[in-house]
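Below is one structure, written out as structure tokens; comments come after it.
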Amino acid sequence: MARVALFVPCYVSLARPADAAAARTVLERLGDEVTTLAGLCCGQPAFNAGARREACQVAAEAVRSVRGFDAVVIPSGSCAAMAAHEWRTLFPNSPVAGERASRVREFTAYVAAHPNAERLSFRLRGVVAYHDSCHARRELGLTETVLGLLARVEGLEVRRLRYEAECCGFGGTFCVKLPEVAAALASAKAADAAASGARVLVSTDLSCLLHVESAARGLGMELEGWTVAELLARSLS
């Protein structure tokens, strides 16, 4: 039995904590001993803003908190990429930070590679569209991993977006610094999802989904965002 830290991104804790519970449900069904770590931040907002000192302060607390676990599972491509890649950047002379960063896995990558993954069965009838988050796609290379997991859900039809490689416009602090551009990108992504015929948009990253959901509401579209963790938890049989 692996000892797993479920590192809950700060925005998940604030906006939709049920997603963290969904991720925990799946991890426990895999047979892991799961400890939920909430109230932490990976340090990415400060890091992306160029506030290195503040990023180090926040990330240092996160690094300390994941001591003693076999794996650190993060249900977010964005936060997982930050922890796995940039903790080393923030603490280049710290073997401890490097070692703990090496244990970080994005939720879908961890589930797909788990030795007990084939024991799980999923059933859910419906049609969903899949949104590739930028970090999950480009930094972590998870596109096929996620699609492979979704393909295991019996009764589920997954439709890929026409412009799947384009950003949804959230980008953390990007949507604050350039709100007009961010809004235009979100509207385009919502329209792309609607054109697929699906009424549910699935992604590794809740941040993307919240951004696109907001744009869809503004356009009068019916579009609901589910994380992969939520979908898998709903479909466990």
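Filtering the stretch 130-153 to residues that are touching a helix residue (DSSP H, G or I) at 6+ places or on another chain (Cβ under 8 Å) and more than 25 Å from Pro9 (Cα to Cα) leaves only Val153. Given the condition more than 20 Å from the chain's Cα centre (by Cα), assigned by TED's automatic domain parsing to the domain that holds Val127, of a type outside the set (Lys, Arg) and surrounded by fewer than 18 Cβ atoms within 10 Å (Cβ to Cβ), answer yes or no: does some residue in the stretch 147-156 qualify? The answer is yes, given that some residue of the stretch 147-156 is more than 20 Å from the chain's Cα centre (by Cα), assigned by TED's automatic domain parsing to the domain that holds Val127, of a type outside the set (Lys, Arg) and surrounded by fewer than 18 Cβ atoms within 10 Å (Cβ to Cβ).
Among the residues of the stretch 211-237 satisfying the criterion of being touching a strand residue (DSSP E or B) at 6+ places or on another chain (Cβ under 7 Å) and assigned to a helix (DSSP H, G or I), which is surrounded by the fewest Cβ atoms within 10 Å (Cβ to Cβ)? It comes out as Arg234. From the list Glu99, Glu86, the one residue that fits, being part of a helix (DSSP H, G or I), of a type in the set (Asp, Glu) and closer than 22 Å to Leu206 by Cβ, is Glu86.
So is Ala129 among the small types (Gly, Ala, Ser), part of a helix (DSSP H, G or I) and either more than 17 Å from Ala198 (Cβ to Cβ) or under 20 Å from the mean Cα position of the chain (by Cα) (or both) or not? It is false that Ala129 is among the small types (Gly, Ala, Ser), part of a helix (DSSP H, G or I) and either more than 17 Å from Ala198 (Cβ to Cβ) or under 20 Å from the mean Cα position of the chain (by Cα) (or both). For the stretch 34-93, the candidate set comprises residues that are polar (S, T, N, Q) and under 18 Å from Leu140 (Cβ atoms); within that set, the residue that is surrounded by the fewest Cβ atoms within 10 Å (Cβ to Cβ) is Thr89. Each residue in the stretch 141-181 was checked for being closer than 30 Å to Phe122 by Cα and out of contact with any His (no Cβ under 8 Å at 6 or more places or on another chain), and 25 of them qualify. Just one of the listed residues (Ala46, Ala71, Ala129, Ala51) is touching a residue at least 24 places away in the same chain (Cβ under 8 Å) and not assigned by TED's automatic domain parsing to the domain that holds Thr204, and it is Ala71.
The values are calculated or read from the model by the stated rules, or taken from the named source; none is laboratory data. Note that the structure is predicted; figures quoted are calculated from it, not measured. Every residue, glycine as well, gets a Cβ built from its backbone with ideal geometry; the counts of neighbours run over all protein chains shown.
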